[in-house]
Amino acid sequence: MIDCYAWKTGNGRKAILMLAECGLPHRIIPIDLSKGEHKTPEYTKINPNQVIPAIIDHDVPGGPLTLFESGAILLYLADKSGKLLPAGARERGTCYQWMFWHSATFVPGVIALHLMAQGRIPREPAQEQAARARARVLYGMLETRLAGSVYLAGNDYCVADVMMAPMLTRRAWHGIDLADFPAVKRWYDAIVARPAAAEAFSDKPLK
């Protein structure tokens, strides 16, 4: 059994989606960020970064394994289940490339817009305009890739898609209309329509 500590943020949805796709026995344990549950001493022992998601895999030789960082969690689950990791060297390398692009390029490029939307930093018009312009560049990079590829790593759905798609639930914060990015919209809609995606992309709070 895997315990997954999550909330319906972009990062939390990644872990929820990956567990559903992999079909591994699990339970979702809600960590309500609005109540500060991610900062409790109990949760800090699980994830000292005080963010979500985190998992505890109770079915590991030598005792339970605790993991945080969404990318590490997704790769661990892919490896454990044998699912959503491309078999070929070209596709697997491309999968890793887009996973790292997500973390090193996309997220830093839009994080200011998230903080503004949450009221954690002031909305400075010039800064917001620049951040939204950067977001359009990033979505344009996705558009270019997906105009020539069914999924991020090639013809098959993989862990890179699981990592990237939930971030687009915040596209309104990014000032993005997917009608302007038809290849991204086609890709995103296909992922949301997957049976395993129902919980991850639902707006219903976790209970």
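The values are calculated or read from the model by the stated rules, or taken from the named source; none is laboratory data. These numbers were taken from a predicted model, which means no experiment stands behind them. Positions of Cβ are backbone-derived with ideal geometry, glycine not excepted, and every protein chain shown enters the neighbour counts.
If you scan segment 37-71, which residues turn out to be without any contact (Cβ under 8 Å) to a residue 40 or more places away in the chain, assigned to a helix (DSSP H, G or I) and surrounded by 13 or more Cβ atoms within 10 Å (Cβ to Cβ)?
Once the filter is applied, which keeps residues that are without any contact (Cβ under 8 Å) to a residue 40 or more places away in the chain, assigned to a helix (DSSP H, G or I) and surrounded by 13 or more Cβ atoms within 10 Å (Cβ to Cβ), segment 37-71 yields Glu37, His38, Tyr43.
Considering each residue of segment 1-32, count those that are assigned to a helix (DSSP H, G or I) and farther than 13 Å from Glu199 by Cβ, and give that number.
3
Scanning segment 176-207 for residues that are among the β-branched types (Val, Ile, Thr) and within 17 Å of the chain's Cα centre (by Cα), which turns out nearest to Leu84 (Cα to Cα)?
Once the filter is applied, the top-ranked residue is Ile191.
Search segment 159-170 for residues that are acidic (Asp, Glu) and pair each with any residue that is outside any helix (DSSP H, G or I) when their beta-carbon atoms are under 7 Å apart and the residues are at least 6 apart or on different chains.
Asp161/Tyr151; Asp161/Leu152
What is the number of the single condition among (1) assigned to a helix (DSSP H, G or I); (2) crowded, with 16+ Cβ neighbours inside 10 Å; (3) out of contact with any strand residue (DSSP E or B) (no Cβ under 7 Å at 6 or more places or on another chain); (4) not hydroxyl-bearing (Ser, Thr, Tyr) that Trp173 does not meet?
If we test Trp173 against (1) assigned to a helix (DSSP H, G or I); (2) crowded, with 16+ Cβ neighbours inside 10 Å; (3) out of contact with any strand residue (DSSP E or B) (no Cβ under 7 Å at 6 or more places or on another chain); (4) not hydroxyl-bearing (Ser, Thr, Tyr), just (1) comes out false.
Which residue, of Glu199, Glu143, is farther than 23 Å from Glu91 by Cβ, touching a helix residue (DSSP H, G or I) at 6+ places or on another chain (Cβ under 9 Å), part of a helix (DSSP H, G or I) and among the charged types (D, E, K, R)?
Matching residue, one of Glu199, Glu143: Glu199.
Going through segment 22-31 one residue at a time, which ones are touching a Leu at 6+ places or on another chain (Cβ under 8 Å) and either among the small types (Gly, Ala, Ser) or touching a residue at least 60 places away in the same chain (Cβ under 8 Å) (or both)?
Residues satisfying the conditions are Cys22, Ile28, Pro30.
Within segment 86-118, track down each residue that is touching a helix residue (DSSP H, G or I) at 6+ places or on another chain (Cβ under 7 Å) and of a type in the set (Phe, Trp, Tyr).
Trp98, Phe106
Restricting to segment 72-115, name every residue that is in contact (Cβ under 8 Å) with a residue 24 or more places away in the chain, in a helix (DSSP H, G or I) and farther than 24 Å from Glu143 by Cβ.
Ile73, Leu75, Leu77, Ala78, Lys80, Ser81
What number of residues in segment 72-87 are at pLDDT 95 or above and surrounded by fewer than 17 Cβ atoms within 10 Å (Cβ to Cβ)?
Residues that pass the stated criteria total 6.
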